[in-house]
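Chemist: Encoded as structure tokens, here's the structure I'll be asking about.
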Amino acid sequence: MSKLIQEIQKGRILVSDGAWGTFLQKKGLKPGECPEEWNITHPDDVYDIARSYIEAGADTIETNSFGGSRYKLAGYGLEDKVFELNKAAAQLSRKAAGPDHFVLGSIGPTGKLLMMEEVTEAELYDAFKEQAMALEAGGADAIVIETMTDLEEARIAVKAAKENTACDVICTMTFDKILSGEFRTMMGISPTEMTQSLAEAGASIIGANCGNGISDMIGIVKEIRTVNTNIPVLVHANAGMPHYCDGETTFPETPADMAGHVKEIIEAGANIIGGCCGTTPDHICEVHRVVKSL
Ligand SMILES: [Zn+2]
């Protein structure tokens, strides 16, 4: 059993990191620039983001590789740099994390739709395999496949990471609250369906990221726990729902707002708690403070 799973089985609640995309923009990433290319061109800035989250109290940090699949990198003409950019991403987070914190190698959706036959299952598998192996080569402890909405793509990614690396495999999907008050991904998948399917595909940790603030994430965690009481659950919540105004996106929840729901989401069954869009090291610092106090 890996150290990450052992810590969770001991009953330890782990704090994860917050947003990367907006942090990179704050450091000067321009619209149309490839975030993953910064692992080579601006390694000090990427390292500084990782380090900021460690200093805020995160036990696990991600890597700057969300869009690091060959299909996403092709949008920048960088599809032949998958290994180099993902390995560098993991090395930078590893350096910031040291031996005592966990590095979760981020893998996002490819943007190619299976159901529209834009890509075959074998092609998706190869793309995820290639990215996961590069993240492992750079020192990732786990692979976190995230922001998934298509269950088939998520399953293929889980299998590719599981079958080709020794890393723990985490998979989180993005749910929206629909009118009935239930949660579904954009492709219509419920937390119940996700839980059954991803556990079967070999994920060792599942959960939800993005799409919701932490208060709605509580409902998702409760639903996961009605189906599976054992599997570790990770939540990366947004800082509330985005507001669009004058071409700018802002997120309303303060670090204290987020921290105010931490106790409840742990009681619902979450094991790893961190942030997604709109969250900052200040949010993670507050979450860490609450987790420590419990
Ligand atoms: Zn997000």
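Chemist: May I ask you to derive the relative contact order of the stretch 26-94, considering only C-alpha pairs under 8 Å and at least 6 residues apart, and to give it as an integer percent? Don't skip to the end; give the middle numbers.
Modeler: On the way: 67 pairs, mean separation 26.5, N = 69.
Once divided by the residue count of the stretch 26-94, the mean separation gives 38 percent.
Chemist: Counting only residues 5 or more places away or on other chains, whose amide H sits under 5 Å from the amide H of Asn212 once H atoms are built in the peptide plane?
Modeler: Amide H neighbours of Asn212, under 5 Å, 5+ apart: Asn238.
Chemist: Now for a separate question. Hey, how many Å between the Cα centroid of the stretch 24-54 and the Cα centroid of the stretch 63-139?
Modeler: Taking the Cα centre of the stretch 63-139 as reference, the centre of the stretch 24-54 is 16 Å away.
Chemist: Can you give the Rg to Rh ratio of the stretch 129-247, both from alpha-carbon atoms, with Rh computed by the Kirkwood formula? If you can, show how the numbers build up before the last one.
Modeler: Values: Rg = 14.6 Å, Rh = 14.6 Å.
Using only Cα positions, Rg/Rh for the stretch 129-247 is 1.00.
Chemist: Now a separate question. So for the chain: antiparallel DSSP bridges make up what percent, rounded to the nearest 5? Numbers along the way, then the final one.
Modeler: Working: 5 of 32 bridges.
DSSP beta bridges in the chain are roughly 15 percent antiparallel.
Chemist: Could you state the orientation-averaged shadow area of the convex hull built on the Cα atoms of the stretch 48-117, in nm² to one decimal? Intermediate results must be reported in sequence, preceding the final value.
Modeler: Working: hull surface 22.2 nm².
Averaging across all directions leaves 5.6 nm² for the Cα convex hull.
Chemist: While we're on this one: Apply the Kirkwood formula to the chain: the hydrodynamic radius equals the inverse of the mean of 1/r over all pairs of different alpha-carbon atoms; give it in Å with one decimal. Kindly include the intermediate steps, with their values, before the conclusion.
Modeler: Details: mean 1/r = 0.0536 Å⁻¹.
18.7 Å is the Kirkwood radius here.
Chemist: Using the Karplus curve 6.51 cos²θ - 1.76 cosθ + 1.60 with θ = phi - 60°, what ³J(HN,Hα) values do you get for each residue of the stretch 218-233, in whole Hz, with x for Gly and Pro?
Modeler: 3J(HN,Hα) across the stretch 218-233, in whole Hz: 4, x, 5, 4, 4, 5, 4, 6, 6, 9, 8, 8, 9, 5, x, 10.
Chemist: For Lys10 and Asp282, compute 0.36 nm times the residue count separating them, minus their Cα-Cα distance, and round to one decimal in nm. Intermediate results must be reported in sequence, preceding the final value.
Modeler: Values: separation 272, 0.36 × 272 = 97.92 nm, distance 2.72 nm.
Value of the extension gain: 95.2 nm.
Chemist: Shifting gears a bit: Can you compute the equivalent ellipsoid semi-axes for the stretch 1-154, i.e. the square root of 5 times each eigenvalue of the Cα gyration tensor, sorted largest first and rounded to whole Å?
Modeler: Working: eigenvalues 123, 79, 35 Å².
Result for the stretch 1-154: semi-axes of 25, 20, 13 Å.
Chemist: Also: Mean residue ellipticity at 222 nm from the helices of the chain, using -39,500 (n - 2.57) per DSSP H segment of n ≥ 4 over the full residue count, to the nearest 500 deg cm²/dmol?
Modeler: Mean residue ellipticity, 222 nm, calculated: -13000 deg cm²/dmol.
Chemist: Please work out the Cα center distance from the stretch 204-244 to the stretch 160-199, rounded to the nearest Å.
Modeler: 10
Chemist: With a/c under 1.5 counting as rounded, go ahead and sort the stretch 182-294 into rounded, prolate or oblate using the C-alpha gyration tensor (a ≥ b ≥ c being the square roots of the eigenvalues; past the cut-off, prolate if a/b is larger than b/c, else oblate).
Modeler: Working: a/c = 2.30, a/b = 1.32, b/c = 1.74.
Verdict is oblate for the stretch 182-294.
Here, each number is a calculation from the coordinates, and none is a lab measurement. Just so we're clear, the structure is a prediction, and the values are computed from it rather than from any experiment.
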